[in-house]
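Report on the following structure.
The values are calculated or read from the model by the stated rules, or taken from the named source; none is laboratory data. Quantities reported herein were computed from a predicted structural model and do not represent experimental measurements. Note that each Cβ is placed from the backbone with ideal geometry, even for glycine, and that neighbours are counted across all protein chains shown. In case anyone asks, the SASA skips ligands and DNA or RNA and just uses the protein heavy atoms, side chains included. Shrake-Rupley method; radii C 1.70, N 1.55, O 1.52, S 1.80 Å.
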There are 6 protein chains.
Amino acid sequence: MADSDRRQRGLDVRKQLWGDGDAPNLADPLIEVTIDHLFGDIWTRPGLALRDRSLITCATLVALGKEAQLKVHLKGLLNQGVSHQEVEEMMIHLAHYAGWPCAVNGIRVAREVFKEMA
Amino acid sequence: MADSDRRQRGLDVRKQLWGDGDAPNLADPLIEVTIDHLFGDIWTRPGLALRDRSLITCATLVALGKEAQLKVHLKGLLNQGVSHQEVEEMMIHLAHYAGWPCAVNGIRVAREVFKEMA
Amino acid sequence: MADSDRRQRGLDVRKQLWGDGDAPNLADPLIEVTIDHLFGDIWTRPGLALRDRSLITCATLVALGKEAQLKVHLKGLLNQGVSHQEVEEMMIHLAHYAGWPCAVNGIRVAREVFKEMA
Amino acid sequence: MADSDRRQRGLDVRKQLWGDGDAPNLADPLIEVTIDHLFGDIWTRPGLALRDRSLITCATLVALGKEAQLKVHLKGLLNQGVSHQEVEEMMIHLAHYAGWPCAVNGIRVAREVFKEMA
Amino acid sequence: MADSDRRQRGLDVRKQLWGDGDAPNLADPLIEVTIDHLFGDIWTRPGLALRDRSLITCATLVALGKEAQLKVHLKGLLNQGVSHQEVEEMMIHLAHYAGWPCAVNGIRVAREVFKEMA
Amino acid sequence: MADSDRRQRGLDVRKQLWGDGDAPNLADPLIEVTIDHLFGDIWTRPGLALRDRSLITCATLVALGKEAQLKVHLKGLLNQGVSHQEVEEMMIHLAHYAGWPCAVNGIRVAREVFKEMA
């Protein structure tokens, strides 16, 4: 695949997840790899729906306690049509697999997102 | 909810995920809490589909590197109709969020499961 | 056990750990599960003293780096009669099993708690 | 403190935890640091009982999923007079703070220890 | 960069780290991404020496407790000219930042590697 | 080794990493152990260069997500002559082994350090 195709596909996924917004700073090498490879090559692979990619990304971020990234990806998940109730249930469910603190922190982040997107 | 209802709902979820099998040893207190509370109270909550509960459980187990439990829950996930390709894509995707080793170990476990269920 | 008994036992444990305080918001489903199941069913199980449950909860929260929850549970631990010195020794000890950063962060949180409870 | 004192205190703690056994290979630098510093300097500090040091070490090893080390330290914990029931309750309790897989693996290791020490 | 260039650079890095060996199974999509992206795009980036990339990869694998991958990457590290003593010192050092169990397991893996490469 | 030697060597390492600064509060037992043992005994061991000790410490702190400690140790790493580019490459590299969120947080911390030291 030509590099320009990867770039465009990465920007398209980003738009599907979070809508129009500021252009990413592609002069930053980590952001460049994120757009070209992570979004352009990986998120666009066939075989797993975008909504499911969002869902497992959020579950992973809850389990790893990565709150800043969880906040971003929960917005993407809600933009795929996943409901507030589904997000809250995800946290209650994961309390039992990743431990209560991950869920307590996750539900706090989720409610911040609900407010910001209200 | 009466305790006998929780127990029955827990056993029903277990059957949906893994089919008929040996009866769980309910004299073991951790197994009792697992059937009555985790399966009976939590997995049966409305608001998140069983297939999605399976999916986020598997993602969490990949991220936390819990291979024995991943093996069990991948079987449940495949029994919900999720395909081999979706499972493999989940691992490639999560390589980028939980780190390459989680994905390499996860795909190895998945292929063991594919063989056992073939 | 009837649901009302679990609820009452959960509220009683909460009071033993943190004294009287605001009533928990039981309309929040994660809090409801916390009071009824985690406090009502688990913390009240016989076979392990409340003080030891507090102690291992705090050690786990240090190891997992969950500072907000550590703060809450350190208050409960001190309310069980564990001394400031025991808490500080716990951190120095765990530095060697969970890594220095967990202990440095843990001792910072502990000293915030010591001040708030002074 | 003279180096020979640290060494002796470390060997004494080791004996309290696990009884007489093979002499540690002090020509191995990691083992030397373990005996002299971790056992000799840290485990012997006043202000936290040996039994409590064992207990929080085991809780941490459950939370971090370090099964080989958990096996060793559970033996030390039982040798301090902690009961099988207390160990099993610790696992059920920690399931909720470190996640179910840590407890399931922990209780499996504990039962191996119970058998070996029977 | 053309895809064939990424592929070739990835295979070249692999050879530098582990010498000639079996050809990787590029029909496996995770291996394909590993060769083309992780080895071809990332390990070949200018600005950080191959030896340092190996070193920080090994430190990360020790900290995360990923023993199978640590074994592979320690071989690569030794092939960059890092000595057995440097590897053992890395483990003793990291005991203090990632916790003793990571170091104990890491040094065991390292000695297996030393034997296999002797 | 006499205790006063360990103390002096620990203070010397601290100075090499971070220059002159406030004297550490040696009445704080965790700081005392840090200076005497971690810096005095461990960081001064022969067999691994100070620059490499800094590098693997930073990699470990990225992987474990310990941002406060990463900030401190990145300053020490830059003071060993490691370049901004090497630090940024470390983060992009570790994104693939510890997961993207560790790298995103790590690069944010690094840029704060770059500014503070400019």
Inset, instruction - Using a cut-off of 12 Å between beta-carbons, work out the net charge of the residues near B:Arg111 (Lys and Arg +1, Asp and Glu -1, B:Arg111 not included). - result: -1
Legend entry - GNM flexibility winner over chain D from D:Ala103, D:Ala49, D:Ala59 (Cα, springs under 10 Å): D:Ala49
Legend entry - Using a 7 Å Cα-to-Cβ projection, B:His84 label spacings across copies, nm, ascending: 4.3, 4.4, 4.4, 5.0, 6.4
Legend entry - Cα-based reach from F:Lys115 at 20 Å (exclusive), listing lysines while leaving out same-chain residues under 8 positions away: F:Lys66, F:Lys71, F:Lys75
Inset, instruction - Relative to the longest principal axis of the C-alpha atoms of chain D, give the angle of the C-alpha long axis of helix D:50-64, reported between 0 and 90° and rounded to the nearest 10°. - result: 60 degrees
Inset, instruction - Please give the calculated 222 nm ellipticity per residue for chain C, where each DSSP H segment of at least 4 residues contributes -39500 (n - 2.57) and the sum is spread over every residue; nearest 500 deg cm²/dmol? - result: -22500 deg cm²/dmol
Legend entry - Label 7 Å beyond Cα on the Cβ vector: D:Arg51 copy-to-copy distances, nm: 0.9, 5.3, 5.4, 5.4, 5.6
Inset, instruction - Return the ratio Rg/(2.2 N^0.38 Å) for the protein assembly as shown, where Rg is computed over Cα atoms only. - result: 0.94
Inset, instruction - Using Cα pairs closer than 8 Å and at least 6 residues apart in sequence, work out the relative contact order for the range A:2-93, in percent. - result: 30 percent
Legend entry - Cα-based equivalent ellipsoid, chain E: semi-axes from gyration tensor eigenvalues, Å: 27, 14, 13
Legend entry - Accessible solvent surface per residue of the protein assembly as shown, calculated while the other protein chains remain in place, 1.4 angstrom probe, Å²: 38 Å²
Legend entry - Crossing angle, helix F:84-98 versus chain F [Cα axis fit, 0-90 degrees, rounded to tens]: 80 degrees
Legend entry - For the pair F and E, total buried accessible area rounded to nearest 100 Å², probe 1.4 Å: 2800 Å²
Legend entry - Estimated FRET transfer efficiency when R0 is 35 angstrom, pair E:Lys15-F:Lys75 (beta carbons, to 0.05): 0.40
Legend entry - Contour excess over end-to-end distance, with Cα ends at B:Gln85 and B:Arg51 and 0.36 nm allotted per residue: 10.7 nm
Legend entry - Selected from B:Asp52, B:Asp41, B:Asp28 as most flexible by GNM, with chain B as the system and alpha-carbon contacts under 10 Å: B:Asp28
Legend entry - 0 to 90° range, to nearest 10: angle between helix F:3-18 axis and chain F longest Cα axis: 30 degrees
Inset, instruction - For chain F, give the magnitude of the charge dipole about the Cα centre (Cβ charges: +1 Lys/Arg, -1 Asp/Glu; no others), in debye to the nearest 20. - result: 200 debye
Legend entry - Cβ nearest the rotation axis (D onto B), residue from chain D and distance to the nearest whole Å: D:Gly65, 4
Inset, instruction - Could you tell me what percent of the accessible area of the range B:3-118 is made up of carbon and sulfur, with a 1.4 Å probe and every protein chain present? - result: 50 percent
Legend entry - Cα Rg, Dmax (largest Cα-Cα span) when computed across the range D:1-47, Å: 10.0, 31
Legend entry - Inter-copy separations for B:Glu32, label at 7 Å along Cα-Cβ, nm, ascending: 2.5, 4.8, 5.2, 5.2, 6.2
Legend entry - Total formal charge among the other residues, if their Cβ is under 10 angstrom from that of F:Glu67, Lys/Arg +1 and Asp/Glu -1: +2
Inset, instruction - Please work out the C-alpha center-to-center distance from the range E:1-67 to the range A:29-100 and express it in whole Å. - result: 26 Å
